[in-house]
């Protein structure tokens, strides 16, 4: 199973003030907050970690029919950033998810899966929410934010 | 605080983040923040922080986990107000 999440950086800047007191404490562990405060571009780190958590949560919620808002229970680790891509893990209890991210000035996109192999076999299309017949190709995972629609195909 | 008073205080808070303004007009305790009001998940934190400020309460992570609907928010606010 695949999960994915996209953040439109322009939209995020309009909609979310992550510098608001208390905000980061409710979303991120102290280790994750350290990654944010020590990042050269903290904005990018905030939304990278957020898309990692969201993409893993999408699998977790589908598998376990789970509905909760517990971002701090989704823990990002083993994060390696390499120019415009990143890889990492998200754990939720005993479950480990593998993530792969694309970091661009316009958007940050992360896919999550239960194995690394699965991550490497999917294809990704980043398009506009205006492309109306996207559902006909049967994407495995859909994410929409701002001007972007992210589709993942197995 | 009556249920009506609670909803009246919650409505302007969620209105700032709700993308479905029509659903906002029909708000009641069954209204789901994400499915009905189309609040972005990153903005759920803002709802929680605004509720903390408005009611002068602290919402711990365990309570926040369940805060996905107007009814759940009302239960949490009432419980936290009782603790004060």
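Computed from the coordinates by the stated procedures, all read-outs in this text should not be read as laboratory data. Fair warning: this is a prediction, and the values are worked out from it, not measured in the lab. Cβ placement follows ideal geometry from the backbone for every residue including glycine, while neighbour counts extend to all protein chains displayed.
Pairs of alpha-carbon atoms within less than 8 angstrom and 6+ residues apart define the contacts here; what relative contact order does chain A have, in percent?
With pairs under 8 Å counted, the relative contact order is 30 percent.
Out of all Cα-Cα pairs in the stretch A:40-87, roughly what percent, to the nearest whole number, are more than 14 Å apart?
Of all Cα-Cα pairs in the stretch A:40-87, 56 percent lie more than 14 Å apart.
On alpha carbon coordinates alone, what is the Rg over Rh value for chain B, Rh being the Kirkwood radius?
When Rh is taken as the Kirkwood radius, the ratio is 0.92.
Would you work out the Kirkwood radius for the protein assembly as shown? I mean one over the mean of 1/r across all pairs of different Cα atoms, in Å. Mind dumping the intermediate values first?
Details: mean 1/r = 0.0537 Å⁻¹.
Result for the protein assembly as shown, one decimal place: 18.6 Å.
Mean separation of Cα pairs under 8 Å and 6+ residues apart, divided by the residue count of chain B: what relative contact order is that in percent?
About 31 percent, as a whole number.
Rounded to whole Å, give me the distance from the Cα center of the stretch A:43-79 to that of the stretch A:1-37.
11
Please compute, for peptide B:41-50, the average count of beta-carbon atoms on other protein chains lying within 10 Å of each residue's beta-carbon.
Shielding by partners across B:41-50 averages 6.
To the nearest 0.05, how large is the calculated FRET efficiency for residue B:60 and residue A:116 if R₀ is 30 Å and r is the Cβ-Cβ distance?
Efficiency, from the Cβ-Cβ distance: 0.30.
For the stretch A:108-145 and the stretch B:1-56, what is the separation of their C-alpha centers, rounded to whole Å?
Taking the Cα centre of each part, the stretch A:108-145 and the stretch B:1-56 sit 30 Å apart.
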